[in-house]
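Handing you this structure, nothing more for now.
The values are calculated or read from the model by the stated rules, or taken from the named source; none is laboratory data. Computed from a prediction, not measured in an experiment: that's the story for all the values here. Every residue, glycine among them, receives a Cβ derived from its backbone with ideal geometry; neighbour counts consider all protein chains shown. These area figures cover heavy atoms from the full protein model, side chains too; ligands, DNA and RNA do not enter into them. Shrake-Rupley method; radii C 1.70, N 1.55, O 1.52, S 1.80 Å.
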Amino acid sequence: MDFVYKPIEELDTSALHQGDLIEKTEDVADVLRQAHAYYADSDSYTHFVVITQSCDLVRRRGKKINAPYITVAATKQFEKSFTDQFRSHLRPLKKTVFSFQPRSRKQNIRQLLERYLNNTEQEFFFLPQRETGSPEMDLLVFLRLSVALRPEHYEVLASSKCAELDEIFQAKLGWLKGNIYSRVATPDVEERISNSEEFKTSFFDRYMKEDEYVWLTDLQADRVRDSVRKRYADLGRDLTVDETYQIIESEAKPDIEILAENILEKMVKNKVIDASDGEQMRKAKNSILNESTLKTLVARQS
């Protein structure tokens, strides 16, 4: 997604513009420390983005800039910011030391990632990593976390610049910052990347990390909770992660299969079907599993 930035060879470290990405060098940290020591000393904020309008940053014939201050917004590594947000939705499994992600949130999380990717999430500005050059990792600008720096620090900030936004993305940043009511139409991923679906899937996988989290539907979570409670009663203590994983592997079947087993259980209880007749039970379960209407309803909930 290098199209977000001006070409590296056009990087101008003698002037500042709205959207310039400033690396937090030691010199920049010293400047920040005079205004807001927290941002200077915190390891969370690795870069800052200039949000003052470009027209107010022009130095004409050596004169001072028009702006009384140079305002910069704090920027974090996107992975850390998103992971913190992602983990805040983990649900603890009682009587264990285990947490899981509700599968019902999976689509919402994908949509959130896509909004970040296309810079349509209010109060934030996403800066993608470059294939070559800076930034070398995805970044997230927190537009509400801003610091006003004195104009005399102009040269320090300009010399620490590591990337410049393309003009249309400068405009988008300015719109998000000012919360103007007319939308600045910047190109989405689909308009600039030929294999956009593949790119988005790779982006989603990078941050949703399927191998690091367990995703459970409501039916799966209920089934697992029942088994955990029974196992807890036997052990008299909270279950370990490994013990919980064993239950999940055993009980977290596809929703359609859980529904089929629940329906069969009700049928047996109401004496509609004989539990001792294995062939009858098998046929009944297969009929439920192959019911197209039920499969469609389950798919909509996944």
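Which of the following residues is open to solvent by less than 80 Å² (accessible area, probe 1.4 Å), closer than 30 Å to residue 248 by Cβ and at pLDDT 90 or above: 90, 112?
Residue meeting the stated conditions: 112.
Something else: Please determine, by comparing only the residues of the stretch 1-22 that are under 14 Å from residue 154 (Cα atoms) and charged (D, E, K, R), which one is farthest from the chain's Cα centre (by Cα).
12
Still on this structure, please answer the following. Taking residue 259 as the residue in question, decide whether it is assigned to a helix (DSSP H, G or I) and touching a residue at least 12 places away in the same chain (Cβ under 8 Å).
Yes.
Just the residues that are open to solvent by 40 Å² or more (accessible area, probe 1.4 Å), modelled with pLDDT under 80 and closer than 19 Å to residue 169 by Cβ, please, taken from the stretch 189-202.
Scanning the stretch 189-202 gives 190, 191, 192.
Now for a separate question. Return yes or no: is residue 206 in contact with a helix residue (DSSP H, G or I) (Cβ under 7 Å, 6 or more places away or on another chain) and in a helix (DSSP H, G or I)?
no
Now for a separate question. Quick test of your reading of the structure: residue 148 fulfils all but one of (1) touching a residue at least 40 places away in the same chain (Cβ under 8 Å); (2) more than 23 Å from the chain's Cα centre (by Cα); (3) part of a helix (DSSP H, G or I). Name the failing condition by number.
(3)
What single numbered condition from (1) under 30 Å from residue 113 (Cα atoms); (2) open to solvent by 70 Å² or more (accessible area, probe 1.4 Å); (3) part of a helix (DSSP H, G or I) fails to hold for residue 282?
Checking residue 282 against (1) under 30 Å from residue 113 (Cα atoms); (2) open to solvent by 70 Å² or more (accessible area, probe 1.4 Å); (3) part of a helix (DSSP H, G or I), the one that fails is (1).
How many residues does the stretch 228-255 contain that are within 32 Å of the chain's Cα centre (by Cα) and part of a helix (DSSP H, G or I)?
Counting residues in the stretch 228-255 that are within 32 Å of the chain's Cα centre (by Cα) and part of a helix (DSSP H, G or I) gives 13.
I'd like to check something: does the stretch 104-119 contain any residue that is more than 13 Å from residue 4 (Cα to Cα), outside any helix (DSSP H, G or I) and not hydrophobic (A, V, I, L, M, F, W, C)?
no
Tally time: how many residues in the stretch 225-243 are acidic (Asp, Glu) and closer than 11 Å to residue 98 by Cα?
3
Further question on the same structure: Out of the stretch 139-163, which residues are open to solvent by 10 Å² or more (accessible area, probe 1.4 Å), over 22 Å from residue 64 (Cβ atoms) and not aromatic (Phe, Trp, Tyr)?
The answer is 143, 144, 145, 162.
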